[in-house]
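Quick notes on the structure that follows.
The values are calculated or read from the model by the stated rules, or taken from the named source; none is laboratory data. Here the structure is a predicted model, which is why all the values come from computation and not from measurement. Backbone-built Cβ (ideal geometry, glycine too); neighbour counts: all protein chains shown. Keep in mind that these areas ignore ligands, DNA and RNA; they rest on the heavy atoms of the full protein, side chains included. Shrake-Rupley method; radii C 1.70, N 1.55, O 1.52, S 1.80 Å.
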Amino acid sequence: MIGSREGEVVEVHRARNAANSALKYVMDPKEQLKIYTAIEDAGLDLGAIYHSHTRSDPIPSQTDVNLAKYGDDQPKFPGTLYLIVGVANSEPDIRLWS
């Protein structure tokens with residue numbers, strides 16, 4: 001998760017993959033809350049949520065889309081960007097989504 005101020009990156013918080021898998025990412029809810037609280041306590045905005053795609057292009061999967069919204073299509077984190085890093089090739093491919 002990336003903490004920002006006025007659109008500028010200020011902090012980057014890494015989280016452990018609770019799924020322990022190269023094919024699926026799951027953030028532990030307690031860890032997610034801890035990071036989100038730290039960002040808010042620092043007076044920052046949640047600027048972006050990032051993760052990597054190890055075997056595919058950095059395009060949101062259906063799982064990514066589902067995790068970014070509530071069932072009624074309301075975004076979980078309005079205004080937050082999603083940064084996906086494709087690492088399937090020798091050069092990283094970085095794309096930003098809203």
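List of remarks:
- Of the accessible area of the chain, computed with a 1.4 Å probe over protein heavy atoms only, carbon and sulfur atoms account for 51 percent.
- Within the listed set Y25, Y70, Y50, the Gaussian network model of the chain (springs between alpha-carbon atoms below 10 Å) gives the highest mean-square fluctuation for Y70.
- Residues with amide H under 5 Å from that of D28, placed H, sequence gap 5 or more: A18
- Set of the range 42-70 residues, backbone N closer than 12 Å to the point 7 Å along the Cα-Cβ line of A88: 53-61
- Computed Rg/Rh of the chain, alpha carbon atoms with Kirkwood Rh: 0.95
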